[in-house]
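Read through the structure below, which is laid out as structure tokens, and then see the notes.
Derivation of every value follows stated rules applied to the coordinates shown; laboratory data play no part. Bear in mind that the values here come from a model prediction, so they are computed numbers and not experimental data. Quick reminder, even Gly has a Cβ in these numbers, built from the backbone with ideal geometry, and neighbours come from all protein chains shown.
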Amino acid sequence: MSLPATLFERAGAEVIALHRFFVQWYNRATADAADFSLFERAMGPGMQMIPPSGAALDRDQVIGHVHANRGAFDNDFAIEIADIRPAWQAGNAIVVTYVEKQRRAGEATARRASALFTENPSAPNGVEWRHLHETWMQAANG
């Protein structure tokens, strides 16, 4: 399988792939089929995340949180990704923005995210996450 041609296409593919992984990993019925190593390989060294709460999480904290919540939902967790756009690009780095809508146990939420990626040919989609910042949006209706 060949990777998408442009850095933006690879970053967009990674955003979609990561969230598909989350759905598989967090749903009890499908968690056994999820390949956690793909997630770990996509998280670059020094990766940082700022979730909507405003906390600052380093790579180990992000990986630990995801690992600890394997199978946390009983087939009542879904994610929809929309509006992936390039925000900035220079050399082998790109910032993309996207909207993430989640449904957890019947509750809908939405967040806007900006993510910094750098090229890495050994990462699953040819890019790795370096920084992620998420902000709550108004409640998702549906």
Next on the checklist: Give me the three principal axis extents of the chain from the C-alpha atoms, as integers in angstrom, largest value leading.
Outcome noted: 42, 33, 29
Item to check | Highest-first arrangement of 45-55, 117-127, where packing means the average Cβ count within 10 Å | outcome: 117-127, 45-55
Checklist outcome for this item: Computed over the chain: longest principal axis from alpha-carbon atoms vs helix 59-68 long axis, angle to nearest 10 degrees, is 30 degrees
Item to check | Positive-end extreme of charge dipole, segment 3-95 - chosen from Phe73, Pro86, Phe22 (charges on Cβ) | outcome: Pro86
Item to check | Size of charge dipole - the chain - debye, nearest 20, with Cβ of Lys, Arg +1 and Asp, Glu -1, no other charges | outcome: 180 debye
Item to check | Antiparallel %, DSSP beta bridges [both residues in segment 7-136], to 5 | outcome: 85 percent
Checklist entry - Between segment 97-142 and segment 17-42, what's the alpha-carbon centroid distance in Å? => result 15 Å
